[in-house]
Amino acid sequence: MREDLKIRLERFREQNAVDEAVRGRIVRPAVEFIGDEILEQAVSALLQGENLLLCGGKATGKNILADNLAWLFGRPVYNVSFHVNTDSSTLIGTDTFVGGEVRLRRGPVAQTALYGGFCILDEINMAKNDAVAVMHSALDYRRLIDVPGYECIPLHPAARFIATMNYGYAGTRELNEALASRFSVIRMPTLRPEQLRRLLKMDVPQAAEEHIERCVGLFLDLNEKAVNGEVSTRSVDLRGMISALRLMTDGMAPGDAVAVSVTNKCFDEYEYQLVQDVVMTRFA
Ligand SMILES: Nc1ncnc2c1ncn2[C@@H]1O[C@H](COP(=O)(O)OP(=O)(O)OP(=O)(O)O)[C@@H](O)[C@H]1O
Ligand SMILES: [Mg+2]
């Protein structure tokens, strides 16, 4: 990462102490995010006070990027997984009785506001419009949560929202314009071969070089076929490729490892055959 960004990150961490009560939410991510250009864009935007929307297909590293960002900024993490039933109380909280008094039991968004958290709004496009409408004032210049029936909660200066959005396959929805306009948007790129090699090596350190090469080759072949529209993106799955490599490193026959982790996920018979043909060129 660029030196100036490192210095500004350090200053950010110094200026924004974290409450003892939520230190446990500052977690080192399982793996390092690969992709310096994207990381730098994200850090710059967040330093400017922007909220981020990470867009990309499955297993393009959206969550791993979000986790790495929270770690770099030294902030506690709050996760919300959106689904069609997510409503404002899931986000902000519910009223409870404590000693005869009504108190707000804070949801992840309210806690983010209070403690200066990094709130990960996962698969935000799956939410219904009225659920995310309560987020509008938190996401724009007002920086507060103001919902009738709740106390008004201003956002801590270090609080940020990082939303993820998956597109390109059945079941995904469009994000409404009002919401999209409140984020800086990052499109997750396809990794270059040398980045894929580094990633696989990092995830499965014991893997044989030869297996890594074959997995990288297969991933790129399938990606190219998907870009050309010959197959869907179903088989282009880095997560599957990592598990295949893990299984073959653990002793499973490479062909079987790729079958259970990649090929068998193509439930359409025609596509299954096409993918199988590509696999055979690498794992005969
Ligand atoms: N750029 C990257 N750097 C490091 N790891 C990556 C990267 N891209 C993908 N991965 C790896 O791929 C797997 C999937 O990553 P992640 O869960 O972040 O993807 P995602 O985009 O959130 O996927 P989904 O849309 O399916 O939720 C993880 O094991 C992660 O380590
Ligand atoms: Mg994800």
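The values are calculated or read from the model by the stated rules, or taken from the named source; none is laboratory data. If you're wondering where the values come from, they're calculated on a predicted model, not measured in any experiment. With ideal geometry, Cβ positions are generated from the backbone for all residues, glycine too; neighbour counts draw on all protein chains shown. Accessible surface is based on the protein model in full, side chains and every heavy atom, while ligands, DNA and RNA are left aside. Shrake-Rupley method; radii C 1.70, N 1.55, O 1.52, S 1.80 Å.
Once backbone amide H atoms are built at 1.01 Å from N, Asn79 has Ile120 as its partners under 5 Å, excluding neighbours fewer than 5 places away on the same chain.
Restricting attention to the chain, lysine pairs at least eight places apart or on different chains and with alpha-carbon atoms under 27 angstrom apart total 13. Protein heavy-atom surface of the stretch 193-282, 1.4 angstrom probe: 53% of the accessible area is carbon and sulfur, with nucleic acids and ligands not counted. Enclosing the Cα atoms of the chain in their convex hull gives a volume equal to 157 cubic angstrom per residue.
Working note: Cα atoms of the stretch 1-133, range along each principal axis, descending, whole Å: 54, 35, 26. Show log10 I(q)/I(0) for the stretch 207-263 at q = 0.20, 0.29, 0.31 Å⁻¹, two decimals, from a solvent-free Debye sum over equal Cα scatterers. Results for the stretch 207-263 at q = 0.20, 0.29, 0.31 Å⁻¹ read -0.65, -1.15, -1.25. For the stretch 193-282, the solvent-accessible area works out to 52 Å² per residue, with a probe of 1.4 Å and every protein chain left in place. Dipole orientation for the stretch 3-187: of the candidates Leu155, Leu52, Leu139, Leu155 has the Cα lying most toward the positive pole (charges on Cβ; Lys, Arg +1; Asp, Glu -1).
This model, with +1 at the C-beta of Lys and Arg and -1 at the C-beta of Asp and Glu, gives the stretch 13-125 a dipole about its Cα centre of some 300 debye.
The loop-placed chymotrypsin sites (Phe, Trp or Tyr not before Pro) in the stretch 133-226, going by DSSP, that have at most 14 neighbouring Cβ atoms within 10 Å of their Cβ come out as Tyr141, Tyr167, Tyr169. When the Cα positions of Ala257, Ala66, Val109 are compared along the charge dipole of the chain, Val109 comes out farthest toward the positive end, with charges on each C-beta of Lys, Arg, Asp and Glu. Between helix 269-282 and the chain there is an angle of about 70 degrees, using the helix long axis and the longest principal axis of the Cα atoms. Normalising the Debye intensity of the stretch 162-284 to I(0), with uniform scatterers on Cα atoms only, and taking log10 at q = 0.10, 0.21 Å⁻¹ returns -0.36, -1.18. Solvent-accessible area per residue in the stretch 37-176 equals 42 Å², computed with a 1.4 angstrom probe and all protein chains kept.
Taking the Cα centre of the chain as reference, the dipole from Cβ charges on Lys and Arg (+1) and Asp and Glu (-1) amounts to some 620 debye. In whole angstrom, the stretch 1-56 maps to an equivalent ellipsoid with semi-axes of 21, 16, 12, each derived as √(5λ) from the alpha carbon gyration tensor and ordered largest first. Based on the reciprocal of the average 1/r between different C-alpha atoms, the Kirkwood radius for the stretch 125-220 equals 17.1 Å.
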